[in-house]
Structures are given as structure tokens and as C-alpha cells.
Amino acid sequence: MSRAFAHEEVVVRRGRRSGLPLIVAIHSRALGPAAGGCRMRRYDTWQDGLTDALRLSEAMTYKSAVAGLDFGGGKSVIVLDRDTEVTPELRESALEDLGELIASFGGSYRTGPDIGTGPEDMEVLRRFSPYAYCAPEEHGGTGDSGGPTATGVLAALRAGARHVFGDSSCAGRAVVVSGFGSVGSRVAAGLAADEAHVLVSDVDPSRKEAALASGYGWVEPGRALSAPADILVPAAVGGVFDEESVRRLTAPLVVGPANNQLADESVADALAERGIVWVPDYVAGAGGVVYTLSRESEGCDHEAALERVEGIGDTVAHLLALARTSGETPLRAARQLADRRLAAAGSLAGAVSEAPVTARAAGARAVSRS
């Protein structure tokens with residue numbers, strides 16, 4: 001890990017059924033129960049999975065705070081080896097292990113799908129805890145959150161376009177969507193409906209045919225960041241922007257849902273130095289969380305929850321205006337908005353940044369790799 005992390009609680013445990021490392025990272029519960037998705041993916045080491053959980057849970061704290069939600073930040077990770085064969089039996093046992101761990105938090109950590117998991121997996125978690133959201137609609141959940149996430153990204157895009165170009169319309173603008181998955185494909189469709197010139201890119205070559213069939217242009221992944229464009233939408237994996245990649249960017253506006261887009265926070269300054277407006281990922285990508293928690297935790301109906309998602313546009317407009325007035329980057333402006341809410345809840349930003357990582361010792365000792 002490249003820097004210190006400050007979390008209220010971190011649990012690392014080997015699943016008694018699956019034998020897989022399980023991680024739950026709680027960054028903050030100052031505003032309310034910690035919320036954050038369940039990720040199941042391959043890592044070189046379980047420590048890499050821990051780093052992922054720490055980074056993502058911290059981002060969830062600020063995602064909820066900036067969005068005005070009364071929730072904190074958490075994340076859970078099921079760590080797979082590079083050569084692990086994920087049979088249906090292993091998958092179910094791993095989810096049962098995680099469900100048991102989530103239940104031990106008594107509702108102070110709440111989860112939903114993330115990379116490697118989906119609505120059906122939430123049904124397994126719900127055998128142990130009611131705080132697994134986005135189960136299939138036929139089973140009482142809200143299902144796939146990709147639609148609301150895309151709605152929030154489009155609202156953020158329009159606010160960003162107004163700030164950069166003076167007009168919220170994307171009509172006639174060249175937009176590169178990097179990542180043609182559940183959210184990226186929906187963002188592309190929304191942009192096309194707004195008459196933007198949409199080019200898409202994905203590391204999975206099988207998605208090229210679907211993209212072309214939808215009438216989009218195609219950009220090879222290695223050229224996605226440097227392709228001439230007005231707007232870039234990072235909608236795949238994180239860590240795409242560092243000092244080197246920022247020098248290749250052509251788009252003056254970058255707005256997308258991919259988590260942890262910056263290799264480190266100093267990259268926000270490099271973007272600003274090049275005159276590129278980057279909307280923080282945890283702001284642009286908050287739509288799914290806003291919708292899900294509004295529906296499943298706060299009891300809002302679909303229309304009311306979607307109205308909250310559309311409010312992401314107002315949030316982006318406010319923070320970009322704040323950044324312009326103060327001379328700060330949008331990242332710092334977003335952090336200031338979040339820190340004010342956390343401070344009002346009794347969590348001083350300085351204390352958060354300096355507190356040590358803690359763990360449930362028994363769980364932490366349970367993980368060892370042979």
C-alpha cells in the first residue's frame with residue numbers, strides 16, 4: 001500500500017466453507033451504516049485484495065457524503081487466486097461465508113453487487129442478513145443498479161458539459177466511452193439519444209460487434225485515452241490515470257463511473273494543469289448507490305429515488321462552480337463538501353485522515369497463504 005489508510009474496522013478472515021480470504025473494510029460510520037458492494041475477483045495476493053477494499057471503502061464514504069446520503073463507506077472482497085477455478089459450489093460456499101461475516105455486523109455494514117457479483121448472489125447473502133441489496137426484483141430487491149448508475153453519469157455529464165462548453169447538450173460532440181459493460185453500454189445509449197458521436201472501447205474484443213451493431217464507432221483499448229474527443233467516459237477498471245496517461249488525453253472533460261480512476265490524488269493536479277475538468281468518480285458514479293439505498297433502506301418509490309439520482313447533476317454543477325471560484329481541483333472541492341458533512345456528524349477530517357487501521361485480530365490472523 002502506497003499510503004496510510006484510516007478505517008474504523010477491517011476484518012480479514014478465511015471462509016470456513018470455501019477456504020477463500022474474505023475482507024470487509026469499514027472506513028466510516030459517522031453518517032450512518034457503512035454501505036458498499038461485494039467484489040469477487042482475482043488478485044495476485046490477498047493483500048492486493050485488502051488494498052482494493054481499503055481504497056474502495058474510503059471512496060464510498062465520500063460518495064455517500066457528497067451525495068447527501070446518511071450512510072458511511074464500506075466494501076467487501078472475496079479474494080480469488082489467479083488460478084482458482086470458480087465452480088458453482090465454490091461460489092455458493094464463498095458467498096455463504098461472506099453472508100455469515102456480514103451478519104456479524106448487525107446491520108452496520110450493508111452491501112450489494114460489485115465486480116464479479118450480481119443480483120442472484122445477493123439472494124445467497126440474504127440467507128444470513130437482510131442487508132444485501134439489489135436482489136432480483138421478483139424476490140423483492142431492486143435488481144441491477146446499472147441503469148440508475150448510468151442515469152447519474154449522464155446527469156453529471158450534462159452538468160460538466162455546461163461548465164466546460166457552456167451548453168449541457170452533448171449533441172454533435174465526440175464522446176469516447178471506455179468500457180462497454182452494464183453501465184458503459186447504457187451511458188453510450190443515452191449519449192446517442194442526445195445525438196452525440198459515440199465511440200466505445202473495451203478490452204473484451206467480443207463486445208466490438210455489439211458496439212458496431214448499435215451504430216457506435218470503435219476505438220482499440222490502447223487508443224481510448226488519446227483518441228480525439230470532447231468528452232471521455234471512463235467506465236471500466238480503475239487506476240487509468242497517472243502522470244503519463246494524463247499527457248495523452250485530448251478530451252477537455254472527463255466524467256465516468258469507473259471507481260478509483262486516479263493512480264493517486266496528485267493526478268488531479270496534473271489534470272487541472274492541462275486544463276482538463278475531471279469530475280470525481282465517486283460523484284459521477286453515485287447513481288446506483290443513491291437509487292438502491294433510497295429504495296431499499298429509506299422506502300422511496302421508483303420516481304422519488306430516480307429524482308434523487310438526477311440530483312447528481314446539481315451536485316456536479318455546485319462542486320465545479322466551487323472549484324472554479326476557489327481555484328481548487330474538483331477533487332478537493334468534492335472532498336471539502338464531504339468533510340463538512342462528516343465534521344457536522346462529529347467526525348473531524350483530520351482525525352479521519354490520521355487514525356490507524358484496526359482489525360478484528362482473530363479474523364486477521366486467520367488468513368495465511370501456502
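Below are the figures for this structure:
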| read-out | value |
| --- | --- |
| Hits in the stretch 20-45 (condition: within 19 Å of GLU96 (Cα to Cα) and more than 14 Å from the chain's Cα centre (by Cα)) | LEU20, PRO21, LEU22, ILE23, VAL24, ALA25, MET40, ARG41, ARG42 |
| When residues of the stretch 290-306 are limited to those that are without any contact (Cβ under 8 Å) to a residue 24 or more places away in the chain and hydrophobic (A, V, I, L, M, F, W, C), the one surrounded by the fewest Cβ atoms within 10 Å (Cβ to Cβ) | ALA304 |
| Residue list for the stretch 127-167, restricted to those being surrounded by fewer than 20 Cβ atoms within 10 Å (Cβ to Cβ) and in a loop (DSSP other than H, G, I, E, B) | ARG127, PHE128, PRO130, PRO136, GLY140, GLY143, ASP144, GLY166, ASP167 |
| 1 or more residues surrounded by fewer than 21 Cβ atoms within 10 Å (Cβ to Cβ): qualifying helices (runs of 4 or more DSSP H) within the stretch 183-289 | 207-213, 243-246, 267-273 |
| Hey, GLU296 over 14 Å from ALA159 (Cα atoms) and either at pLDDT 95 or above or not assigned by TED's automatic domain parsing to the domain that holds ALA161 (or both) or not | yes |
| Search result, residues across the stretch 291-300 that are in contact with a Ser or Thr (Cβ under 9 Å, 6 or more places away or on another chain) and over 18 Å from GLY36 (Cα atoms) | CYS300 |
| Subset tally (residues that are under 20 Å from SER145 (Cβ atoms), in a helix (DSSP H, G or I) and among the hydrophobic types (A, V, I, L, M, F, W, C)) for the stretch 18-59 | 3 |
| Residue match in the stretch 235-252 (condition: closer than 21 Å to ASP204 by Cα, touching a Ser or Thr at 6+ places or on another chain (Cβ under 8 Å), β-branched (Val, Ile, Thr) and in contact (Cβ under 8 Å) with a residue 12 or more places away in the chain) | yes |
| Flag if VAL309 is part of a helix (DSSP H, G or I), buried (at least 22 other Cβ atoms within 10 Å of the Cβ) and touching a Gly at 6+ places or on another chain (Cβ under 9 Å) | yes |
| Tally, over the stretch 168-181, of residues that are touching a Ser or Thr at 6+ places or on another chain (Cβ under 8 Å) and either assigned to a strand (DSSP E or B) or surrounded by fewer than 21 Cβ atoms within 10 Å (Cβ to Cβ) (or both) | 3 |
| Evaluation of GLU138 against (1) in contact with a Phe, Trp or Tyr (Cβ under 9 Å, 6 or more places away or on another chain); (2) among the charged types (D, E, K, R); (3) free of Cβ contacts under 8 Å to residues at least 60 places away in the same chain (one fails), failing number | (1) |
| Looking only at the stretch 315-349, and only at residues there that are surrounded by 15 or more Cβ atoms within 10 Å (Cβ to Cβ) and among the small types (Gly, Ala, Ser), the one that is nearest to LEU69 (Cα to Cα) | ALA338 |
| Which numbered condition PHE180 misses (of (1) in contact with a strand residue (DSSP E or B) (Cβ under 7 Å, 6 or more places away or on another chain); (2) modelled with pLDDT of 95 or more; (3) over 19 Å from LEU154 (Cα atoms)) | (3) |
| Matching option when the condition is at pLDDT 90 or above, on the phi < 0 side of the Ramachandran plot and among the aliphatic types (A, V, I, L, M), among ALA349, ALA359, ALA333, ALA366 | ALA333 |
| Residue, farthest from GLY217 (Cα to Cα), within the stretch 132-175, restricted to residues that are modelled with pLDDT of 95 or more and out of contact with any helix residue (DSSP H, G or I) (no Cβ under 9 Å at 6 or more places or on another chain) | GLY166 |
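The values are calculated or read from the model by the stated rules, or taken from the named source; none is laboratory data. Predicted, not measured: the structure shown is a model, and the values here were computed from it. Neighbour counts run over all protein chains shown; Cβ positions are idealised from the backbone, glycine included.
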